[in-house]
Amino acid sequence: MQTAKRFFSLEGIDGSGKSTQIDMLISALEAEGFSVVRLREPGGAKISERIRELLLDPAFKGVMSDKAELLLYNAARAQVIKEIIQPALDAGKIVIADRFAWSTYAYQGFARGLGAGLVQSLTEITCGSCFPELTVVLDLTVEASRARTAKRGEAPDRLEQEKADFFERVRQGYLAAAREFPDCVAAIDADRTPEEVFADLYKLVKARL
């Protein structure tokens, strides 16, 4: 896959600390004078946000087919690339995504069992050369993830309602990506203090700038 300079994404199962780490990363980069664009996936553009609503709606639990899910994620991604990511990169800005294509690799390829090959082929069509040069996986056990998310007190969305074994497959998908694509995927231990996690994250990102 062709990667785009200054395009970074953070991945991990729920509760791994992506939002906290992105906040810290953006603050550090902006303090150094970088212009940073932040987005979440699915979402970021109007069409992509509407697709997000469909994907996460609990009303579609057990109704949405796995292939429909796969295609909807890629449709949302294609739109946000065209509308937000590519223009930002062309303007010399840093783009940081809360999830991107490796989510599809882990969730649909591994956890849904659609296969890494199918997901990668579709990703190449969707992303072209607009693919993160570095993705950092915040690795956390499913048990720790559930303990953290339980503290939020929020109603789970369609995907969050999946069982523990589903999220274990997601985690293994992320770790497989880090093993098989070390040039653009790195996994770090997220079961530490935010400051300890950030030290490793920042070192990885700064090495690419």
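Below are the figures for this structure:
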quantity: Two-site label geometry, residue 1 and residue 155: point separation in nm, points 7 Å out along Cα→Cβ; calculated: 3.3 nm
quantity: Mean separation of Cα contacts under 8 Å (6+ apart) over length of region 1-150, as relative contact order %; calculated: 47 percent
quantity: Cα radius of gyration and Dmax for region 68-206 (Å); calculated: 15.6, 42
quantity: Local net charge near residue 160, Cβ-Cβ under 9 Å (Lys/Arg +1, Asp/Glu -1); calculated: -3
quantity: Spatial separation of Cα centroids for region 70-112 and region 156-175, in angstrom; calculated: 19 Å
quantity: Region 7-136 - Rg (one decimal) and Dmax (whole number), Cα, Å; calculated: 14.7, 47
quantity: Peptide ranges 104-114, 76-86 listed from the most packed, as the mean C-beta count within 10 angstrom indicates; calculated: 104-114, 76-86
quantity: Per residue, in Å², the accessible surface of region 53-188 once ligands and nucleic acids are set aside, probe 1.4 Å; calculated: 45 Å²
quantity: Cut-off under 5 Å, modelled amide H: who pairs with residue 187 long-range; calculated: 137
quantity: Rounded percent of accessible protein surface that carbon and sulfur make up, region 152-198, 1.4 Å probe; calculated: 49 percent
quantity: About the Cα centre, charge dipole magnitude for the chain (Lys/Arg +1, Asp/Glu -1 at Cβ), debye; calculated: 320 debye
quantity: Region 13-142, accessible surface, carbon-and-sulfur percent (1.4 angstrom probe); calculated: 54 percent
quantity: Given charges at Cβ of Lys, Arg, Asp, Glu: region 119-209 dipole, positive-most of 209, 167, 194; calculated: 194
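The values are calculated or read from the model by the stated rules, or taken from the named source; none is laboratory data. Nothing here was measured: the structure is a model prediction, and the numbers come from that model. No Cβ is skipped: glycine too gets one built from the backbone with ideal geometry, and neighbour counts run over all protein chains shown. All accessible areas refer to the heavy atoms of the entire protein, side chains included, with ligands and DNA or RNA removed. Shrake-Rupley method; radii C 1.70, N 1.55, O 1.52, S 1.80 Å.
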